[in-house]
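Encoded as C-alpha cells, the structure appears first; notes follow it.
Read-outs throughout are calculated quantities, based only on the coordinates presented, and are distinct from any laboratory measurement. Computed from a prediction, not measured in an experiment: that's the story for all the values here. Cβ placement follows ideal geometry from the backbone for every residue including glycine, while neighbour counts extend to all protein chains displayed.
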Amino acid sequence: MNNSSRTSASNTTTKPSPAVTPLRVLVIGGTLFIGKRLVAELLKEGHAVTVLHRTPKHDLGKRVESLMGDRNDAEQVRKAIDGRRFDVVFDNVYDWERGTTAAQVEGTARACGDRLVRYIFMSSVAAYGDGLNHYEDDALAPDDHANPYTRNKAMSERALFRMHQRTGFPAVTFRPPFIYGPENPFYREQFFWDRMRVNRPIIVPGDGGRLMQFVYVKDLVAAMMRAMSDSAAVGQSFNVANERPVTQLEFVHALAKAANKNARIARVMRERIIESGGNAMREPAYFGIYLDLPPITEAVGKVKRVLKVPLTALDEGLAETYRWYLKNHKPQTIKEDFEDRLIALANSVSD
C-alpha cells in the first residue's frame, strides 16, 4: 500500500470533530503497548478511564483509576469492579504463561454487568488458524486446534458472539496480525535496527519469501476508538492491518529504508537454523521474537468501509517508529556467537 491511501491534512479542509460524550471506560490490560496508547487516546477525548491489571500501581497518571485483579479469575474481576458501572470495556489481555480460555473471557464479560454499551475484545489473525486473505466471515479455527493461543482466541470470539446473539451483548472483536510501532515491548523492529546500525548481517530464513502482515499500533487503536462509538460495530469482527502483506525479505528492506541503512542479508535454511538452536518464539532469536511463523493474512476492506479508519503505509509507520527508536530504545545484547554460527551456514551474504 502506498501513501496515497492516506489523506493529507494539508490538502483538505478539516471539519471540527463532533462533541464526544464522556463515557466510563474499563481497560483490562492498559499498562503496555496497545493499552498505553489506548488509555492516552481515551483521556484526550475526556473519558473516565480505569485500568484492571495484576499489579498495585501503574504509570498512566493520576487521572487513571487503578484496579488490581487477575483477568483469568472472574471472581477477582467481580470483586475488583464491585460497585462500579462501566459503559465500555476493552479486553486486551492474554496470559501467555497460562493461556486465557473462552470460559475465562466469558466470565469476565459477564462480571462487567448487563448495561454495557460495548465490550471490545482483542482477538488475533491467529484465530483463523491458517491460510491467506481471510475475510471476517471466514470460519475460525476449530475448538480442537493444536495451538492453544489460536484455539483460545477462536473459542473466545465464538463465546462472545453467542452472548450477542442470545442477549444482545454488545461485543466487538478485532483480529490484528503482527503489531508494530513506538513502545513495542516485543524485540521485533529493534531487533533488526540494532544489527543494521552496527552493520551486522540480517539472518533471513530460507528464501525470505514467507508472507507477513502488520498493523501500525496507532491504526489499531484508532479502530478500537471508532468501534466504541459507532453503532454499526456491535456484533461485528474486524480485520485491521496493512492492506498488502509483505515477504520477510521485503520487511527487512523496509526496516532498512526507515533507518537509511543497507541491509546485509544472510539466507540460511530454516531447518539449519532450528538444528542450531534457533527459536521463533524466544531467545536465541534469529528473526526477531515471534515473527518467523507460518503465514496467515487477511483482507481489510471492512474496517475501512464500516469504521472509516485510514490505514498507515508500512514505510510511513516504520519511519515514525524508527524516530521513536532513536530517542528511546534500550540497548540489547546481541548473541554474536550464535548468529555468527548461523551466518557461516549461509551460501553468501549480500546487500
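Roughly speaking, what is the centre-to-centre gap between segment 190-219 and segment 300-350 when only Cα atoms are used, to the nearest Å? Centre-to-centre distance over Cα atoms comes out at 5 Å. Looking at the chain, the DSSP beta bridges with both ends there are about 10 percent antiparallel. Projecting the Cα atoms of Ile81, Ser123, Val64 onto the charge dipole of segment 35-134 (Cβ charges, centred on the Cα centre) puts Val64 farthest toward the positive pole. Counting Lys and Arg as +1 and Asp and Glu as -1 over every other residue whose Cβ lies under 14 Å from the Cβ of Glu41, the net charge comes to +3.
Compared with the dominant principal axis of the Cα atoms in the chain, helix 248-259 is inclined by about 90°.
Of all beta bridges DSSP finds with both residues in segment 116-266, what is the antiparallel percent, to the nearest 5?
Numbers: 2 of 15 bridges.
About 15 percent, rounded to the nearest 5.
Once the C-beta distance of Arg24 and Asn279 is scaled by a Förster radius of 25 Å, the resulting FRET efficiency is 0.05 to the nearest 0.05.
A Förster radius of 41 Å, combined with the Cβ-Cβ distance separating Glu45 from Ala139, puts the computed FRET efficiency at roughly 0.70. For the chain, the longest principal axis of the C-alpha atoms and the axis of helix 33-44 are separated by about 50°.
Among Lys44/Lys308; Lys36/Lys62; Lys218/Lys308; Lys257/Lys335; Lys36/Lys218; Lys218/Lys302, which pairs are too far apart, with a Cα-Cα distance over 22 Å?
Values: Lys44/Lys308 20 Å; Lys36/Lys62 14 Å; Lys218/Lys308 14 Å; Lys257/Lys335 24 Å; Lys36/Lys218 11 Å; Lys218/Lys302 18 Å.
The answer is Lys257/Lys335.
Using Cα-Cα distances under 8 Å and only pairs 6 or more residues apart, what relative contact order does the chain have, in percent?
Values: 646 pairs, mean separation 61.3, N = 351.
Once divided by the residue count of the chain, the mean separation gives 17 percent.
Determine the calculated [θ] at 222 nm for the chain from helices alone, applying -39500 (n - 2.57) to every DSSP H run no shorter than 4 residues and normalising by the residue count; nearest 500 deg cm²/dmol.
On the way: 11 runs with 119 residues, N = 351.
Result for the chain, helices only: -10000 deg cm²/dmol.
Net charge of the neighbourhood of Glu65, taken over other residues with C-beta under 15 Å away and scored Lys/Arg +1, Asp/Glu -1, is +3.
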